[in-house]
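The values are calculated or read from the model by the stated rules, or taken from the named source; none is laboratory data. Small disclaimer: the values here were computed from a predicted structure and weren't measured. So basically every Cβ, Gly included, is an ideal-geometry build from the backbone, and we count neighbours across all protein chains shown.
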Amino acid sequence: MKTYLVGGAVRDRLLGLAVKERDWVVVGATPAELAALGFRSVGKDFPVFLHPETKEEHALARTERKTAKGYHGFEFHTEPGVTLEDDLKRRDLTINAIAEDEQGKLVDPYGGAADLKAKLLRHVSPAFSEDPVRVLRAARFAARFAPLGFTVAPETLALMRDMVESGEVDALVPERVWQETLKALNCEKPSVYFEVLRDCGALQKVFPDLARLWGVPQPAKWHPEIDTGVHVMMVLDQAARISQEPVVRYAALTHDLGKGTTPKDILPHHYGHEERSVKLVEALCERLKTPKEFKELAVIVARQHGLVHKAEEIRSDTLLKLLESVDAFRRPERFELFLLACEADHRGRTGLEDTPFPQADYIRRAFAAARAVTTESLDKGLTGAQIGEQLKKKRLDAVRAVTGRD
């Protein structure tokens, strides 16, 4: 029995990155032998065991055979005769198919170390095409390692296109799409994930409302980049630049979906795109089964981002209504996330990436003034609706005092 460190731990060490978790492959053993050594079985589809002391995952070396479409359509085979090379061959990318033995010697039968140096994401074998999730994973690794200069190898991108054309990608289920997308949103350059999916044709399958934004014009006066798809990718990367919260990045990604359904006869203007965006965001979140907080923030950003950009021009009562509509008084933490997403939208334009966003501080000052009005400051003896009416009136007076606007 031999044990090898595999996958991400070896890859990240070779890249000089921090190793967050370690996975192991065990060659020449049976489940019974590992159980006798105190390992605990946790795998459902194939044998995976937790080490009795470190609790790190140890998987028996295995091969797999495609039996049906989708990522569930596999039969796995494990026995002591399965070699390490057999196991590594079934992995997705060469940079993830490097192992290290107990003496620290690399086992790299598929050229992963060379591809690390060349900064290439290359598939290990044609078996890559048997699992549609690998399209998402390749795009996600492209986003993760984009700051280091990595790109998808041309032959791998071509294989991904073939997977889209053959219908293999149609077997993706929403849960796995969201799982990989969430990981991509946590990358430093999340736009690369969506750009790679677009390059191979998968974006149209997985995010059709997003894919249709490319080629849709916007007024050059406000959007020097003109193309809505380009704008949204810039907004997403600006969100990643100013916030570590994936919920902000998701709201940035989806804020303009409605521009893809703007009637052609009014282009490049997009009157009413906010409410169209809201409907598309709600449908997308329902399909992907996104967490509640992602849907809620994305909806209010889609609906209200245009008003935020005009904050210094609107009446004080409209500004107060904005604060109420985004539930700022009860959920001030989410309100801050809302403003960050709007700031990303402001900065996500060619040549305007570093421009100030005074609207946010203007709104914050108005909010602070309105929030300082408490029920203790209200007239005594008020009941029911009277309390709410006077509270709103005093909040409006406070906003007017700060903004100097009626």
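As a summary of the residue check, GLU313 satisfies the conditions (1) under 24 Å from the mean Cα position of the chain (by Cα); (2) loosely packed, with under 14 Cβ neighbours inside 10 Å except for the one numbered (1). Any residue that is in contact (Cβ under 8 Å) with a residue 40 or more places away in the chain and within 30 Å of ARG176 (Cα to Cα) - is there at least one of those in the range 312-334? Yes, the conditions are met somewhere in the range 312-334. Only a single item in (1) at pLDDT below 95; (2) assigned to a helix (DSSP H, G or I); (3) within 14 Å of LEU14 (Cβ to Cβ) is not met by GLY104, and it is number (2).
Pairs meeting the criteria (first residue in the range 165-191 and assigned to a helix (DSSP H, G or I), second residue modelled with pLDDT under 95 and among the basic types (Lys, Arg), beta carbons under 6 Å, at least 6 apart or on different chains) are ALA171/LYS69.
Of all residues in the range 207-236, those that are not assigned by TED's automatic domain parsing to the domain that holds GLU175 have Cβ atoms under 6 Å from Cβ atoms of residues that are part of a helix (DSSP H, G or I) and of a type in the set (Val, Ile, Thr), 6 or more apart or on another chain, in LEU213/THR228; LEU213/VAL232; VAL216/THR228; GLN218/THR228.
With the condition kept exactly as written, say whether any residue in the range 253-261 is part of a helix (DSSP H, G or I) and of a type in the set (Lys, Arg). Yes, there is a match, as at least one residue in the range 253-261 is part of a helix (DSSP H, G or I) and of a type in the set (Lys, Arg). Picking from residues in the range 379-402 that are among the basic types (Lys, Arg) and at pLDDT 80 or above, the one that is surrounded by the fewest Cβ atoms within 10 Å (Cβ to Cβ) is LYS393.
Filter the range 252-279 for residues that are crowded, with 20+ Cβ neighbours inside 10 Å and in contact (Cβ under 8 Å) with a residue 40 or more places away in the chain and give the result. If the condition is that a residue be crowded, with 20+ Cβ neighbours inside 10 Å and in contact (Cβ under 8 Å) with a residue 40 or more places away in the chain, then ALA252, LEU253, THR254, HIS255, ASP256, LEU257, GLY258, LYS259, GLY260, THR262, HIS270 are the ones that fit.
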